[in-house]
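First the structure, in the form of structure tokens, and then the observations on it.
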Amino acid sequence: MPPLSILAAQTAFIFPGQGSQVVGMGRDLAAEFHLAHRIFEQADEYLGFPLSRLAWEGPETDLVDTINTQPALLVHSVAVLSVFQQRCPGFQPAFVAGHSMGELSALVACQALSYPEALKLARRRGELMKKAGEISPGGMAAVLGLDIPTLDRVCAEASQPGETVRVANDNCPGQVVISGARPALERAVQLAQASGARRVRQLAVSIASHSPLMLHAQEKFAQAVELAPFSDPLLPLIGNVTAQPLYTANEIRADLQAQLTSRVRWTETIQEMIRQDVALFVEMGSGSVLCGLIKRINDQVACINLSTVNDFDKLELI
């Protein structure tokens with residue numbers, strides 16, 4: 001195994017967002033590692049209800065409520081991060097990044113925000129997004145097989161005054177999520193199919209994430225972000241909005257204060273880190289969605305996911 005200092009210079013920690021949650025997430029980690037158990041225990045104390053039981057036992061209908069999903073994903077990611085740091089003391093990656101709400105987990109990893117403060121923001125973010133979905137209901141659809149310029153054109157044609165649809169998530173080449181008002185979304189789905197999309201699947205959500213319909217949530221979330229005690233990150237964070245490294249607390253605030261209504265530039269985020277010589281990505285948290293996306297962005301780099309106790313055996317292969 002190469003010296004950790006050499007390996008770290010080519011490594012990035014990445015953190016998943018909504019869609020990666022699953023009932024049982026983090027339960028085995030908490031049973032095996034006291035540090036992970038304490039992370040979940042602290043979440044219960046900070047939030048005032050047993051989030052750990054919800055994450056470990058469900059019911060799934062409650063876990064997938066965005067109010068609960070977002071803090072649960074953050075807690076699991078921080079638990080994984082804590083176990084990693086215990087197993088590999090002193091290891092500092094070159095970059096950190098998170099997909100959508102996963103950016104809050106990344107902020108803990110680069111020490112720009114404390115775990116309790118990040119947990120508060122995750123819960124607040126979920127509350128505001130749910131409320132925005134009630135005020136301005138919309139939808140989202142995953143489109144396979146079309147590039148970004150084509151989908152930008154499709155969304156522009158499908159949008160009308162008061163009914164907009166936008167590219168929400170540029171996940172990887174050939175996998176893009178669009179988001180917006182239902183009538184505009186339905187028009188965009190038809191146009192995407194007519195433009196040669198391999199598959200278009202409307203998602204079972206009523207919230208149009210990363211679209212103008214999140215404006216109500218973004219305005220109030222921006223206030224919460226302004227009041228949060230950020231520090232300059234100890235490691236560069238690649239922001240969702242800019243897909244560029246963020247080096248100061250003010251840059252981080254600006255990224256978060258635009259995030260809910262802006263596109264998640266995940267393909268560009270990964271490409272930027274690869275340009276900066278990252279060759280290994282470590283996905284910390286529930287599932288392996290991000291590793292799957294990275295394989296489609298660049299199959300010449302490596303990605304491992306750390307989610308369960310058994311996953312930590314993968315560290316022996318690095």
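The values are calculated or read from the model by the stated rules, or taken from the named source; none is laboratory data. Since this is a predicted model, take the numbers as computed values, not measurements. Positions of Cβ are generated from backbone atoms using ideal geometry, with glycine treated the same way; all protein chains shown enter the neighbour counts.
Within region 10-52, which residues are in contact with a Leu (Cβ under 8 Å, 6 or more places away or on another chain) and charged (D, E, K, R)?
Correct list: 44 only.
Looking at 285, 239, can you tell me which residue is of a type in the set (Gly, Ala, Ser) and in contact with a Gly (Cβ under 8 Å, 6 or more places away or on another chain)?
Matching residue, one of 285, 239: 285.
With outside the structural domain of residue 109 (by TED's automatic domain parsing) and on the phi < 0 side of the Ramachandran plot as the only criterion, which of 276, 259, 218, 193 stands out?
193 is the lone residue from the list that is outside the structural domain of residue 109 (by TED's automatic domain parsing) and on the phi < 0 side of the Ramachandran plot.
Pull out all pairs, ordered by first then second residue, where Cβ-Cβ is under 7 Å, the residues are six or more apart or on different chains, the first lies in region 62-79 and is assigned to a loop (DSSP other than H, G, I, E, B), and the second is not β-branched (Val, Ile, Thr).
Within 7 Å, the pairs are 64/21.
Six or more apart or on different chains, Cβ under 7 Å: which pairs go from a residue in region 129-151 that's part of a helix (DSSP H, G or I) to one that's acidic (Asp, Glu)? Could you list them?
148/170
Which condition number does residue 177 fail, the rest of (1) without any contact (Cβ under 8 Å) to a residue 40 or more places away in the chain; (2) part of a helix (DSSP H, G or I); (3) not assigned by TED's automatic domain parsing to the domain that holds residue 220 being met?
Failed condition: (2).
Could you please let me know if residue 100 is touching a residue at least 24 places away in the same chain (Cβ under 8 Å) and over 11 Å from the mean Cα position of the chain (by Cα)?
no
Here is a list: 168, 194. Which entry is surrounded by 23 or more Cβ atoms within 10 Å (Cβ to Cβ) and aliphatic (A, V, I, L, M)?
168
Residue 283 passes all but one of (1) part of a loop (DSSP other than H, G, I, E, B); (2) crowded, with 20+ Cβ neighbours inside 10 Å; which number fails?
It is condition (1) that residue 283 fails.
Go through the residues of region 13-27 one by one and say whether even a single one is in the same structural domain as residue 103 (by TED's automatic domain parsing), free of Cβ contacts under 8 Å to residues at least 12 places away in the same chain and assigned to a helix (DSSP H, G or I).
no
What number of residues in region 241-268 are under 16 Å from residue 214 (Cα atoms) and either touching a helix residue (DSSP H, G or I) at 6+ places or on another chain (Cβ under 8 Å) or in a strand (DSSP E or B) (or both)?
Result for region 241-268: 9.
Would you confirm, using the coordinates I've provided, whether residue 292 is modelled with pLDDT of 95 or more and either part of a helix (DSSP H, G or I) or closer than 15 Å to residue 101 by Cβ (or both)?
Yes, satisfied.
Go through (1) in contact (Cβ under 8 Å) with a residue 60 or more places away in the chain; (2) in contact with a strand residue (DSSP E or B) (Cβ under 9 Å, 6 or more places away or on another chain); (3) farther than 24 Å from residue 75 by Cα for residue 216 and report which single condition fails.
Among (1) in contact (Cβ under 8 Å) with a residue 60 or more places away in the chain; (2) in contact with a strand residue (DSSP E or B) (Cβ under 9 Å, 6 or more places away or on another chain); (3) farther than 24 Å from residue 75 by Cα, the lone unmet condition for residue 216 is (2).
If you take the residues in region 16-63 that are over 18 Å from residue 83 (Cβ atoms) and acidic (Asp, Glu), which one is surrounded by the fewest Cβ atoms within 10 Å (Cβ to Cβ)?
45
Working only within region 208-240, note down all residues that are buried (at least 17 other Cβ atoms within 10 Å of the Cβ), part of a helix (DSSP H, G or I) and polar (S, T, N, Q).
218
When you look at residue 186, is it surrounded by 14 or more Cβ atoms within 10 Å (Cβ to Cβ) and among the acidic types (Asp, Glu), yes or no?
Here the answer is yes, as residue 186 does meet what is asked.
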